[in-house]
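Have a look at the structure below, then the notes.
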Amino acid sequence: MICANLGSVRAQLASAAHAAHRSVDSITLVAVSKGHGEAAVRAAAALQVRDFGESYLQEALPKLEQLRELPVTWHFIGRIQANKTRPIAEHFHWVHGVDRLKIAERLSAQRPHYAAPLQLCLQVNIAGEASKGGVEPAAASELVQAVSQLPRVQLRGLMGILPAELPSDARREAFAALRTLRDDVGRQCGGLDTLSMGMSDDFADAILEGTTMVRIGSAIFGPRPHTDVG
Ligand SMILES: *Cc1c(COP(=O)(O)O)cnc(C)c1O
């Protein structure tokens, strides 16, 4: 099933990229493996998936440990509690949900010196929904300035999550707004090359609006066996 699903996701990704006159290589597919076990990750990795996303630390840490030998990049995409930053700083390569300076400072301070800088995206509240987290767009510039000064992290871009029920034109507008914000705030800090936006139900629209990382779970792995808890 993973093989067929992944084939279909890659075909949709390629066709959206083509429609947007973009190269497929400009879009990183992050397979969101939360709720799925080690075997699902191995199956996707065998099909050349190189990036995996996890949202829940308790579930992710044993999985990362079991899969330590896989040559893959791990993205933490969930909500981050200030008292749980150390294992994230130690075990992940990317963190997408940073929305407060305090969290970025802790990740920077706790990133081991033997490791490459932790790659960060700041989450922006693009849909005005309090529950999804994220810095308000008007406050993004100040946060970008501060985070880009930190030593053990490298600020790469912005991340956004849209509510599932938005109609397609509203979605595209929200994605386009995040892209414009990324371009604007990027100018203050030497450029931000990453836009993390687009999930199973809306990644084609995100590609049309310039996303560089899509985070896709259920369209690849099927429905999640565990219910989301965060
Ligand atoms: C779960 C999750 C995804 C993947 O969602 P799907 O709808 O299964 O593709 C992407 N991004 C974040 C932040 C998530 O928590």
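We did not get these values from a lab; they are worked out from the coordinates using the rules stated. Given the structure is predicted, the values throughout are model-derived calculations rather than measurements. Cβ placement follows ideal geometry from the backbone for every residue including glycine, while neighbour counts extend to all protein chains displayed.
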I'd like the FRET efficiency for Ala115 and Leu61, computed as 1/(1 + (r/R0)^6) with the beta carbon distance as r and R0 of 22 Å, rounded to 0.05. 0.85
Go ahead and estimate [θ] at 222 nm for the chain from helices alone: -39,500 (n - 2.57) per DSSP H run with n ≥ 4, summed, over the residue count, rounded to 500. -12000 deg cm²/dmol
Check which residues have an amide H placed less than 5 Å from Met159's amide H, if you skip close sequence neighbours. Leu122, Gln123, Val124, Ser196
Compute the separation of the alpha-carbon centres of the range 142-208 and the range 33-49 and state it in Å as a whole number. 26
Cβ neighbours within 10 Å, averaged per peptide: list 63-69, 13-19 in order, most packed at the top. 13-19, 63-69
Restricting the count to DSSP beta bridges whose residues both fall in the chain, what percent are antiparallel, rounded to a multiple of 5? 0
Pairs of Cα atoms under 8 Å, at least six residues apart: use those to get the relative contact order of the range 104-230, whole percent. 22
Suppose the chain between Glu136 and Ala82 were pulled fully straight at 0.36 nm per residue; how much longer would it get relative to their current alpha carbon spacing? 17.5 nm
Using a Cα-Cα cut-off of under 12 Å, which aspartates and glutamates could be cross-linked to Lys63, ignoring same-chain neighbours fewer than 8 residues away? Glu38, Glu54
